[in-house]
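Below is one structure, written out as structure tokens; comments come after it.
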Amino acid sequence: MPAMPASVNQLMLALNNQDFNLAEILSQVEKEPVIAAVLIKQANSAKYKRGIKPVSDIKTAFINLGAIGV
């Protein structure tokens with residue numbers, strides 16, 4: 001089984017902090033293209049989509065999903 005990248009562990013730790021810094025979270029997500037793609041895909045799902053225009057950036061995806069959804 002492949003090891004989880006260190007950036008994923010850092011992201012999980014940052015999200016567990018109630019006072020997380022959104023810019024820091026987004027910076028960490030940008031380092032992992034697979035996670036970024038999954039977040040955008042999830043934000044465009046019927047459960048989270050908030051408008052007609054599809055989500056195409058990480059910040060909007062995170063805002064739509066919220067910390068719990070991520």
- prompt: residue 62 versus (1) touching a helix residue (DSSP H, G or I) at 6+ places or on another chain (Cβ under 9 Å); (2) at pLDDT below 85: which is the lone unmet condition?
  reply: (2)
field: Pair list, Cβ < 8 Å and 6+ apart or interchain, from the range 5-17 residues that are polar (S, T, N, Q) to residues that are outside any helix (DSSP H, G or I)
entry: 7/31; 7/32
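Results for (1) touching a helix residue (DSSP H, G or I) at 6+ places or on another chain (Cβ under 9 Å); (2) open to solvent by 100 Å² or more (accessible area, probe 1.4 Å); (3) modelled with pLDDT of 85 or more, shown as yes or no for each residue.
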position	(1), (2), (3)
8	yes, no, no
19	no, yes, yes
23	no, no, yes
36	yes, no, yes
statement: Taking the range 42-70 and keeping residues in a helix (DSSP H, G or I) and either surrounded by 12 or more Cβ atoms within 10 Å (Cβ to Cβ) or polar (S, T, N, Q) (or both) leaves 42, 43, 58, 59, 60, 61, 62, 63, 64, 65, 67, 69
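The values are calculated or read from the model by the stated rules, or taken from the named source; none is laboratory data. Not measured: the values here are computed from a predicted model. Neighbour counts run over all protein chains shown; Cβ positions are idealised from the backbone, glycine included. With ligands, DNA and RNA removed, areas are computed over all heavy atoms of the protein, side chains included. Shrake-Rupley method; radii C 1.70, N 1.55, O 1.52, S 1.80 Å.
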